[in-house]
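Accompanying notes for the structure given below.
Please treat every number below as a calculation from the coordinates, not as lab data. Since we're looking at a predicted model, the values are computed, not measured. With ideal geometry, Cβ positions are generated from the backbone for all residues, glycine too; neighbour counts draw on all protein chains shown.
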Amino acid sequence: MRRNNLVRTVIIVLAVIWSLWQLYPTFIVGRQKNEAESYFAKVEQQTALQRDEINEALNSGQLEQRIRERLRHKSSDSLQQVMKETSSLIALHDKISKNDAKAIKRGLDLQGGTYLVYEVNLPKLMRDVAKNKDARFEEILKELDQVAAAPNTDYFAALQKRFADAGIRLNRYFGSRAQTDAQIIDELKKEADDSIARNLEILRNRIDQFGVSEPSITQQGNRRVVVELAGITDVNRAKNIIGKTALLEFNLVKEPQIFQDIITKIDNLLKRDLAAKSGAATAAADTSTADTTGAGGKVSQDKAVNVSELFAGSSIAGDSANASQDSVQVDKEIFSGNPFLSLLRDVGSGEVAVPAKNVRAVERILNNPGVQKVIPPDAEFAWSNKPEQVADEQYYYLYLVKKEPELSGALLTNAQQQIASGAGMTRQGEWTVSMQMNDEGTKIFSRVTGANVNKRLAIILDNKVVMAPNIKEKIPSGSASIEGSMDADEAKDLAIVLRAGALQAPMQVIEERTVGPSLGQDSISKGTWSALISLLLVMVFMAIYYKLSGVLADVALVLNIVILLACMAFLKATLTLPGIAGIILTIGMAVDANVLILERIREELRTGKTVRTSIEAGYDRAFWTIFDSNITTLLTALVLYQFGTGPIKGFAVTLMFGLAVSMFTAIVVTRVIYDYVTRRYNLKTLSI
Amino acid sequence: MMQFLGETHIDFIKLRWKAIAVSAVIILAGIVSMIIKGGPKYGVDFLGGTVIQVHFAQAPDIGDVRSALANASYGDVEIKTFGAPNEILLRVHEQREGLAVSESIMKALREAFPQNQPEARLVESVGPKVGRELRTAAIWATLISLVLILIYVSFRFEFIFAVGAVVALFHDVMVTLSFLSFFDLEVNLTVVAALLTIVGYSLNDTIVVMDRIRENRRIHRDAGIEKLINLSVNQTLGRTIITSLTVLMVVLILLFFGGDVIYNFAFAMTVGVISGVYSTVYIAAPIVVEWHKKAEMQKIRRGVKVA
C-alpha cells in the first residue's frame with residue numbers, strides 16, 4: 001500500500017509538472033503579444049509603414065532590410081533608434097511564433113476566420129471534357145444535375161445509366177471511339193479523382209502566395225477540399241482566389257462579317273418561330289422606357305418585352321428564369337423585323353454590345369438548339385468579363401471566337417502585377433498583369449501573332465473575355481499583358497492565380513462558415529467568463545456542502561481542468577466555442593465522480609465504520625459506478641467525434657479528454673491525499 | 001455533516017403512472033407543436049441556406065434593410081435583431097449550390113448603408129446537399145449512440161435495464177425537442193451535440209441508480225423489484241440532487257452568460273438535464289418494474305401448473 005502510494009504520488013506530481021510546462025506557452029504568449037503591440041506602434045509611427053506591411057516583412061524575415069530602405073534618407077541616429085526597436089520586435093516576434101506553435105490552438109470560431117468546403121463540380125467537369133456537345137447532351141446533363149445535388153449519390157453510375165437508357169453510347173461525347181461505356185466511366189472517374197489531388201496542390205500554392213498565416217487545406221473524401229483560413233479579414237477576396245478556375249486561353253476572334261451573318265440567320269430563325277406563334281409577342285407589353293442608344297446611331301423608342309413569352313416555344317426545357325429579369329429592352333423599330341438584332345447594340349467600334357438587362361435573353365437565344373445549329377462548328381460565343389458603362393447604361397460585349405484556343409495559361413512561366421507607365425493603351429497608374437510564356441508558348445505566340453496581323457486575339461479567363469486587342473505586329477518575345485480596369489488587389493490576385501495555374505477541375509463552395517474577429521473575441525470572453533463563474537460556484541458549493549472533503553474535491557477539479565488543457569496543448573487539439581462548453585460540462589460532470597465517492601463514504605460512516613475503512617469502502621464501491629457511467633458517456637462522445645464537423649469535433653474532444661482526466665483526478669488524486677492525511681493524522685472523524 | 005435530505009423513504013414507484021402521464025402529455029404536445037410548425041425548426045445546417053449576422057454602427061431601420069435586400073432581389077429574407085438593436089440576423093433559404101449569397105447581400109447592404117458600416121460578424125452558408133448530409137449524419141449519430149449504449153448496458157447489467165435506459169434516453173431527447181419547439185428555437189448542429197450530451201448525462205444518472213439496484217439485489221435477495229428500486233433511488237437521492245444541481249448550475253450559467261452563439265445549446269442542455277434526472281426514476285425504473293412483475297407472474301403461473 002505504501003509503496004503503491006509513493007508511485008501514485010510520483011505520477012501525480014509528474015502529471016502536474018508536465019501540465020504546467022505544457023500550458024506555459026499559452027500563458028506567456030498573450031503577454032508577449034501585448035508587449036509586441038507597443039513595439040509595433042513605435043515602428044509603425046517611425047517608419048510610416050502599414051501594420052500589414054510590417055507583418056509581411058516580419059514573416060519573410062526582411063523587416064530590417066525593408067526599414068533600412070525606407071529610412072535611407074534619415075539621419076543615422078534616428079535610424080539606429082528605429083533599428084533598436086526593430087530588433088526587439090523581431091526577437092519578440094520569434095518568441096511569439098515559437099510559443100504560438102506550442103500554445104493551445106484556438107478554433108476559427110474563437111479567433112475569427114473562415115471555413116470553406118469546396119466540391120469538384122462534376123456536372124461542370126463533364127461539360128468541360130465532353131466533345132461534340134449537342135442539345136440531347138445538354139438535356140441529359142440537365143437531368144443529371146439533380147443527381148449531383150442529392151447527397152450520397154453516385155453521379156457516374158447515374159450518368160452511365162442515363163445515357164444507356166437514352167440509347168446513346170458514351171463514346172459519342174467522351175473518350176475515344178473504341179472505348180466501351182465502362183472504360184469511359186472509369187476514365188472519367190479517374191480524371192475527377194486525380195484532379196482533386198492536383199487542385200489541392202494548386203490551392204496550396206495560391207493561398208501561400210496570398211499570404212495567410214497557417215492555412216489548413218485538406219482533402220475530405222474523394223471530391224472535396226476543406227480550406228480553413230484563420231484571422232482573415234477579406235473573405236470574398238480569399239474566395240475569389242481559391243474558387244477561380246483561372247483557365248487562361250488565347251482565342252482568335254472571328255471576322256465581323258461572320259458574326260453579322262450569324263445574327264441575320266438567327267433573326268430569320270426566330271422570325272419563323274414567332275410567325276408560327278401568331279404574333280402574340282408583339283402585343284406583349286407596351287410599357288416603354290426611354291433609351292437613347294439606338295442601333296446604327298438612330299434614336300428610337302425601346303419597349304419592355306417579356307422574353308419568356310417571346311421565346312417560350314423555343315427556349316430550353318426546364319429553364320426557369322426569374323421573371324423580373326426577363327423584362328428586356330429592345331429597339332422598337334427593328335424588333336419585329338430582327339428580334340435578335342434588336343437586343344444588341346452597335347457601339348461604333350465594330351464590337352457588339354449587349355445592355356446588361358438583355359444578357360439573359362441573349363444567352364437563352366444562343367442556347368436554343370435551333371440557333372446552335374446556325375453557329376459554325378469551329379466558333380463559339382463568349383461574353384466580356386466586366387460590364388462597361390456607356391451613358392447611363394451598362395453593357396457587356398459579345399464576341400464570336402474560334403472554339404480552339406491558340407494557346408493556354410499552362411504555357412506561362414510567370415505573371416506579375418504592374419503599374420502601367422502610361423505607354424501603350426493603358427493609362428498611367430492603371431494596374432496590369434504582365435505574363436511571360438515558356439519557350440513553347442513563345443514559339444506558338446510568335447507564329448499566331450505573325451499569321452494574324454490586324455485580326456483580334458481574345459484573352460479569355462474562365463470562359464469570359466478579359467480583352468480582345470487588335471494584333472498590330474508579330475510578337476516574338478512571348479510576353480503579353482492583361483489590362484482593363486483593375487485595382488491593385490485585383491491585379492495581385494489575378495497574377496497569383498495565373499502563376500499557380502488553372503484548377504484541373506472546376507470547384508464550387510458547398511459550405512461556408514465565417515466568424516468575424518470581433519465575434520470571436522466576444523465568444524472567448526463570454527466562454528471564459530462562463531467557465532470561471534461555473535468553476536467558482538461549483539467549488540464554493542462543494543466546500544460548503546462537504547467541508548474539507550469538498551475542498552479536496554475542488555483540488556481534484558482544478559487539477560482536472562489544468563491537465564485537460566495541457567492534454568489539448570500537447571495533442572495540438574483545437575479549442576472551439578463548443579469546446580469551451582465541453583470544458584464547462586466537464587466541470588459539472590467531474591463533480592459527479594467526487595459526489596458519488598463522498599456520498600458513499602458518508603453512507604459507510606453512518607453504518608458506524610471507522611474513517612479509514614469508510615473511505616476505502618467508499619472508493620471501492622463507487623469505482624464501478626463511475627467507470628460504467630464514464631464509459632457510456634465516452635461512447636456518445638466518440639460517436640459525436642466521428643460524425644461532427646469542426647466545432648462539434650472540438651466539443652467531443654474536450655468531453656473525451658475531460659472524462660478520462662476526471663477519472664484520474666477523482667479516483668487517484670483524491671485517494672492518495674486521503675490516504676496520506678488519514679495515516680499521518682490518524683483521523684477519528686472526517687470533515688465531510 | 002450538511003445534508004439536504006436525511007434518509008428518505010419516498011415511494012417513487014407508486015407515482016409512476018402519474019409521472020408517465022405527465023411525460024406523455026409533454027411529448028404529445030411537443031409532437032403536435034412540431035406538426036403545426038412543420039417539423040422541428042431546422043437551422044441552415046440541416047436545411048441549407050445562409051445566415052448572416054450583420055453588425056451596424058448604429059441600429060438601422062429594419063424596413064430599410066428589407067427594402068435594400070429586396071432591391072438586390074432577395075425578397076424572401078428573414079430579418080430580425082439579435083441581442084442588440086444594431087445586430088441584425090439575416091436568414092436566406094436559397095437552395096442553390098455554389099452561390100455567393102453572403103457576398104451579394106453584404107454588397108447590397110454596404111451600398112444601402114454607406115455611413116453605417118455594416119460588417120458581417122458571422123456567416124454560415126450551407127448548400128442543400130451538405131444540409132441533407134448533415135441531417136442524415138445527425139440521425140445516424142443519435143441512433144448509433146443509442147445502440148452502442150444498449151449493447152454496453154446489456155453487457156454490464158441485464159437486457160431489460162438496457163431497454164429501460166434507452167427508452168429513458170429517447171424520452172429525454174423527445175422532451176428536449178418538444179421544448180425547443182414550444183419556444184420556437186432552432187435545431188442546429190450544436191443542438192444535436194447537446195442532445196447527444198444529454199444522452200450521455202442522462203445515462204450516467206440511470207447507471208448510478210441501476211448500479212445500486214444491482215448491488216441491493218445481492219444484499220436483499222428476497223425483496224420485490226418495486227422495493228429494491230425504491231430503496232436504490234432513495235439511497236442515491238443525495239448524490240442525484242447534488243450532481244443535478246451542480247450540472248444545472250453550470251448549464252444555467254452557460255444559458256445566461258454564454259452568449260448568443262451557444263444559447264440554443266445551453267437551452268437544450270438545461271431541459272435535458274432536468275429531464276434526464278426525472279426519466280431515470282420515472283421512465284427507466286417503471287419499465288424494469290413492469291417487466292419483472294410480468295416475469296414473476298409468469299413464474300407463478302408456471303409454478304401453479306406444475307403443482
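Per residue Cα convex hull volume for the stretch B:194-251, in cubic angstrom?
69 Å³
With N residues in the stretch A:22-103, what two-decimal value do you get for its Cα radius of gyration over 2.2 N^0.38 Å? Kindly include the intermediate steps, with their values, before the conclusion.
Values: Rg = 13.5 Å, N = 82, 2.2 N^0.38 = 11.7 Å.
My calculation over the Cα atoms of the stretch A:22-103 gives 1.15.
Which is the longest part of chain B that has none of the chymotrypsin sites (Phe, Trp or Tyr not before Pro) sitting in a DSSP loop with at most 16 other Cβ atoms within 10 Å?
Result for the longest clean stretch: B:5-182.
Once amide H atoms are built 1.01 Å from N in the peptide plane, which residues 5 or more positions from A:E406, or in another chain, come under 5 Å H to H?
When sequence neighbours closer than 5 places are left aside, the close amide H contacts are A:F250, A:N251, A:L252.
Using the Karplus curve 6.51 cos²θ - 1.76 cosθ + 1.60 with θ = phi - 60°, work out ³J(HN,Hα) for each residue of the stretch A:43-54 in order, rounded to whole Hz, and write x for Gly and Pro.
These are the phi-based 3J(HN,Hα) values: 5, 4, 5, 7, 10, 6, 8, 6, 4, 4, 5, 4 Hz.
Using +1 at the Cβ of each Lys and Arg and -1 at the Cβ of each Asp and Glu in chain A, identify which of A:L577, A:I168, A:Q508 lies farthest towards the dipole's positive end.
A:L577
Which residues' amide hydrogens lie under 5 Å from the amide hydrogen of B:F12, considering only partners 5 or more residues apart or on another chain, with H built in the peptide plane?
none
Using bins 10 angstrom wide from zero, how does P(r) for the stretch A:406-486 break down, in % of all Cα pairs?
Reading the bins upward from 0: 18, 51, 31, 1.
I'd like the mean, over residues of B:31-43, of how many other protein chain beta carbons sit within 10 Å of each residue's own Cβ.
0
Pull up the cross-link candidates among the aspartates and glutamates for A:K403, meaning alpha carbon to alpha carbon under 12 Å and not fewer than 8 places away within one chain.
Once the sequence-local aspartates and glutamates are set aside, what remains near A:K403 is A:E249, A:D378, A:E380.
Please report how many Lys pairs in chain B have alpha carbons closer than 23 angstrom, counting only residues at least 8 apart along the chain or sitting on separate chains.
Step by step, the pairs that qualify in chain B add up to 15.
Pairs to check: A:K161/A:K649; A:K244/A:K443; A:K402/A:K443; A:K189/A:K265; A:K98/A:K244. Give those whose C-alpha atoms are more than 30 Å from each other in this structure.
A:K161/A:K649; A:K189/A:K265; A:K98/A:K244
Scan chain B and report its longest stretch carrying no trypsin sites (Lys or Arg not before Pro) that are both in a DSSP loop and have at most 12 other Cβ atoms within 10 Å.
B:97-220
Mind listing the Cα extents of chain B along all three principal axes, in Å, largest one first?
90, 48, 30
If you place +1 on the Cβ of every Lys and Arg, -1 on the Cβ of every Asp and Glu, and leave all else neutral, what size is the dipole of chain A about its Cα centre, to the nearest 20 Debye?
2480 debye
Put a dot 7 Å past each Cα toward the Cβ at A:L683 and B:I151; how far apart are the dots in nm?
4.2 nm
Taking 0.36 nm per residue of separation and subtracting the Cα-Cα distance, what length does fully extending A:D489 through A:Q521 add?
Length gained between A:D489 and A:Q521: 8.8 nm.
As a check on your grasp of the helix formula, calculate [θ] at 222 nm for chain A: sum -39500 (n - 2.57) over DSSP H runs of n ≥ 4, divide by the residue count, round to the nearest 500. Intermediate values should be presented prior to the final figure.
Working: 22 runs with 385 residues, N = 688.
Helix contribution divided over all residues of chain A: -19000 deg cm²/dmol.
For chain A, max minus min Cα coordinate along each principal axis, in Å, sorted largest first?
Principal-axis extents of chain A (Cα, largest first): 111, 77, 56 Å.
Got a sec? Charge dipole of the stretch A:22-103, +1 on Cβ for Lys and Arg, -1 for Asp and Glu; which of A:A48, A:S60, A:I28 is way out at the positive end?
My answer, from the dipole projection, is A:I28.
May I ask for log10 I(q)/I(0) of the stretch A:445-490 at q = 0.13, 0.15, 0.16 Å⁻¹, from a Debye sum over the Cα atoms as equal point scatterers with solvent left out?
-0.33, -0.44, -0.49
Return the sequence-ordered ³J(HN,Hα) values of the stretch A:591-596 in whole Hz as given by the Karplus equation 6.51 cos²θ - 1.76 cosθ + 1.60 applied to θ = phi - 60°, using x for Gly and Pro.
These are the phi-based 3J(HN,Hα) values: 4, 4, 4, 5, 4, 4 Hz.
Residue-wise, which Karplus ³J(HN,Hα) couplings in Hz belong to the stretch A:613-624, taking 6.51 cos²θ - 1.76 cosθ + 1.60, θ = phi - 60°, and x for glycine or proline?
Each residue of the stretch A:613-624 in turn: 5, 4, 4, 4, 5, x, 5, 4, 5, 6, 4, 5 Hz.
Above 20 angstrom, tally the Cα pairs of the stretch B:31-153 and express them as a % of all pairs, no decimals. Before the final figure, lay out each step's value.
Details: 3949 of 7503 pairs.
Distances greater than 20 Å cover 53 percent of the Cα pairs.
Roughly how many nanometres apart are two label points built 7 Å out from the Cα toward the Cβ at A:W529 and A:W624?
If labels sit at A:W529 and A:W624, their model points lie 4.7 nm apart.
Could you check the simple spin-label distance between A:T607 and B:F159, using points 7 Å along Cα→Cβ, in nm with one decimal?
3.3 nm
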